[in-house]
Amino acid sequence: MQIAGSIALVTGANRGLGRHFAQQLLERGAAKVYATARTPERVDLPGTDVLRLDITDPSSISDAATAARDVTLLVNNAGSATFQNLVTGDLDKIRLEMDTHFYGTLGMIRAFAPALASNGGGAILNVLSVMSWMSYDGANAYGAAKAAEWSLTNAARLELANQGTQVTGLHMASTDTDMMADWDIPKNAPADVVRTALDGLEAGRQEILADEITAQAKAALPTT
């Protein structure tokens, strides 16, 4: 995937990683960057094409896909963190995690896959987590949703291979965004994570591990 000259769409581009993705894509020469958010008025990056998009709303996804038929790179970054456990947590919040990370990402892939095929194949980058592979008491709904999104990423890679679409998963440990603002723990710099992600995307990598904690967690997974 060559970023220079690409037409990118970034979900959740009003803050955090999404804003860094949109900014760095422009800096690397993307011809157009659709910066999308549920609250588009909060997108403050000059040079982007701003779209309203709620990935938990199928009609909103459809509208975005109609407006951005020229996309060659889809960055599925939008997320939620409700900090719920599965056994005792609020079911509505647990469903929100799955609606966002799994069904929302799936909806985006289904809606934009035809455009990617028409535009030469392109690429999809899904923003995942080290919690795709582990549980954490107090945030197990997030972990379950990210595990489902990891499986979705691997499945989409197989299903879209024939149309020439590169599907890449980005995994990271705690990163300094609004989502993690209340956690007093070591955190990645979001600009560094995005730089690593875009380098890996251009190198054609299927999976990008943004930090040592994530690399160790992946290495500890059973191989059989």
Among 109-115, 30-36, the order from most to least packed when residues are scored by Cβ within 10 Å on average: 30-36, 109-115
Gyration tensor (alpha-carbon) shape descriptor, the range 72-224, a/c threshold 1.5: prolate
Those aspartates and glutamates that a straight Cα-Cα span of less than 16 Å connects to Lys218, excepting residues fewer than 8 apart in one chain: Glu149, Glu207
Heavy atoms of Lys146 accessible to a 1.4 Å probe, total area in Å² rounded to 10: 10
Charge dipole magnitude, Cβ of K and R +1, D and E -1 - the range 7-220, Cα centre, debye nearest 20: 480
Solvent-accessible ranking of Tyr103, Tyr142, Tyr136, largest area first, probe 1.4 Å: Tyr103, Tyr136, Tyr142
Mean Kyte hydropathy of 0.0 or more with a Cα span along the axis of at least 15 Å, helices from DSSP in the chain: 105-118, 190-202
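The values are calculated or read from the model by the stated rules, or taken from the named source; none is laboratory data. The structure displayed is predicted, hence computed values, not measured ones. Positions of Cβ are generated from backbone atoms using ideal geometry, with glycine treated the same way; all protein chains shown enter the neighbour counts. Accessible surface areas use protein heavy atoms only, side chains included; no ligands, DNA or RNA. Shrake-Rupley method; radii C 1.70, N 1.55, O 1.52, S 1.80 Å.
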